[in-house]
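Have a look at the structure below, then the notes.
Please treat every number below as a calculation from the coordinates, not as lab data. Nothing here was measured: the structure is a model prediction, and the numbers come from that model. Methodologically, a virtual Cβ is constructed for each residue, glycine included, from the backbone with ideal geometry; neighbour enumeration extends over all protein chains shown.
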Amino acid sequence: MNPHKICTYVLIEDNPEDQIRFARIALKFNVFVCKGTYTTVQEAIDDLELKRLVVDVVFCDVELFDLNGLEYGIVLTKYCRFLTYITAFAHYEEFVLRKKGDACLIKPVTEMAMQVEVLDRLYRRHGHHLPITIDFGKLMLYDSHEKAHFPVSFEQILYVQAADNYLSFFLEGDERKMLRCPLTTIMHYLEPVDIFLQVNPGIIVNTQKITRSEPALLYLKDRIFKVTDKYLDRYKLFREFYGF
């Protein structure tokens, strides 16, 4: 799985117009990455087998030109964590569960259906595989004890500390959250916000919370962090921009 993305998927759909409609819906969530679009189930299976790839979600149309997609339910579950069928007929939903399907989307697929029927259920069931996502401008961090994602606004974060593939989020109010996730993943979400700066291999700080700055040191309330050589250039630009 691409460590910078949250939810990988493939789509099995033989109608080009429906492929385009689906891609537009998926792009609105900013959490999906497509690993392939296929017109037949066998084409998808052959490619996933060749790549030895297991994706988070397989979206499969029921009414394919050459067969009924439901007949491959058991096989498709080998290549995904969450099998979702797509159909134009609402009464097919009961058959989906019998054929190892986890969810059923009715055409035309809507954003609400994608959120409620797929993403929400996927996160509840497989949150440990999807430790971070974004929802309504907030980070959703997976709590392994509660088995659920919890929201954290960017402004709440004081700094993030990485150690042994775990991240500790130190928040306002002396609150701390920990989850299993590589540093590269959280940087994908924090860098575009502009207020976050990595200052050494294990620390990312919220620059709005810095209380004092020196050429190779910064102070964040009662914590002191050293800026190592690799990160000095960006830190110097920060100091110049803000007049430290």
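One table, with the values for the structure above:
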| quantity | calculated |
| --- | --- |
| Among the candidates Ala26, Ala44, residue that is under 18 Å from the mean Cα position of the chain (by Cα) and closer than 22 Å to Val96 by Cβ | Ala26 |
| Filter pass, Glu63 being surrounded by fewer than 16 Cβ atoms within 10 Å (Cβ to Cβ), without any contact (Cβ under 8 Å) to a residue 40 or more places away in the chain and acidic (Asp, Glu) | no |
| Some residue of the stretch 79-86 being over 25 Å from the mean Cα position of the chain (by Cα) and either buried (at least 20 other Cβ atoms within 10 Å of the Cβ) or at negative phi (or both) | no |
